[in-house]
Amino acid sequence: MSPVVSIVAVSGSLHSPSKTTVLAAELLAAFADSLGSSGAVEVETHLIELSDVGREFSGALTRDELKPLAADAIRRIESATLLIVASPVYRASFTGLFKHVFDFVGQYSLIDKPVLLAATGGSDRHALIIEHQFRPLFSFFQALTLPIGVYASDADFSDYRISSDPLRERIAQAVSRGLPVVRATLPEPEPQSALSIAW
């Protein structure tokens, strides 16, 4: 029986439509295609858009106060095989709502979990947000941040679609460099029994 790989992407954008969500969805699809192409694993994907569920976190100070949709989002994040996180740059960091959501994630639930980091901003001047903001946060969780993060600026999009070949190349490079890390964390497929082979 093929192991099930759950890929969960979180877009920290507060708006819809959103370039950040477009980027997160593109990365989600690229990883799903690459992991599922061999047929060795079954891939499930889920995109969490904070523009949709963010209000479900409002007013909660502790995890047991979360509304059902918010609690479900946290469970999906914690149980993912691969996590993709993306946020627009806001006041030199990820959005406050993005941080608020991850404040509810269990401190030890992301240990050794592969995490791809991504961000969007108005210009390339904000590209270091991935190294200065995202990596320290997920280092705290002891997650395995993948070698290459993906940053995109407004110029990489047209009408909320990716229009930049260099960005597509960065996405492909991030996936190809990240795949060995992700595959190393996958459970071994269950061996077939002698009886099932005979049949």
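Points worth noting:
- For residue 108, the criteria (1) closer than 21 Å to residue 142 by Cβ; (2) in a helix (DSSP H, G or I); (3) without any contact (Cβ under 8 Å) to a residue 40 or more places away in the chain; (4) not aliphatic (A, V, I, L, M) hold in every case but one, which is (2).
- Failed criterion for residue 83 (all others in (1) within 25 Å of residue 139 (Cα to Cα); (2) in contact with a helix residue (DSSP H, G or I) (Cβ under 6 Å, 6 or more places away or on another chain); (3) not in a loop (DSSP other than H, G, I, E, B) hold): (2)
- Residue that is modelled with the lowest pLDDT [pool: residues in segment 83-95 that are touching a Leu at 6+ places or on another chain (Cβ under 9 Å) and closer than 13 Å to residue 13 by Cα]: 90
Yes/no per residue for (1) modelled with pLDDT under 95; (2) surrounded by fewer than 16 Cβ atoms within 10 Å (Cβ to Cβ):
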| position | (1), (2) |
| --- | --- |
| 123 | yes, yes |
| 131 | no, yes |
| 156 | no, no |
| 166 | no, yes |
| 173 | no, yes |
| 187 | yes, yes |
| 191 | yes, yes |
| 195 | yes, yes |
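- Selection of segment 1-43 for residues being in contact with a Ser or Thr (Cβ under 9 Å, 6 or more places away or on another chain), without any contact (Cβ under 8 Å) to a residue 60 or more places away in the chain, closer than 15 Å to residue 183 by Cα and not β-branched (Val, Ile, Thr) yields 32, 39, 42.
- Note on segment 69-108: residues that are touching a strand residue (DSSP E or B) at 6+ places or on another chain (Cβ under 9 Å) and among the small types (Gly, Ala, Ser) total 7.
- Every residue from segment 116-137 that is free of Cβ contacts under 8 Å to residues at least 24 places away in the same chain and in a helix (DSSP H, G or I): 125, 130, 131, 132, 135, 136
- Complete set of residues in segment 156-171 that are among the acidic types (Asp, Glu), part of a helix (DSSP H, G or I) and farther than 17 Å from residue 24 by Cβ: 165, 169
- On inspection, residue 86 qualifies as within 16 Å of the chain's Cα centre (by Cα), touching a residue at least 60 places away in the same chain (Cβ under 8 Å) and under 27 Å from residue 161 (Cβ atoms).
- Any hit, segment 52-63, residues being farther than 29 Å from residue 126 by Cβ and touching a Gly at 6+ places or on another chain (Cβ under 6 Å): no
The values are calculated or read from the model by the stated rules, or taken from the named source; none is laboratory data. Fair warning: this is a prediction, and the values are worked out from it, not measured in the lab. No Cβ is skipped: glycine too gets one built from the backbone with ideal geometry, and neighbour counts run over all protein chains shown.
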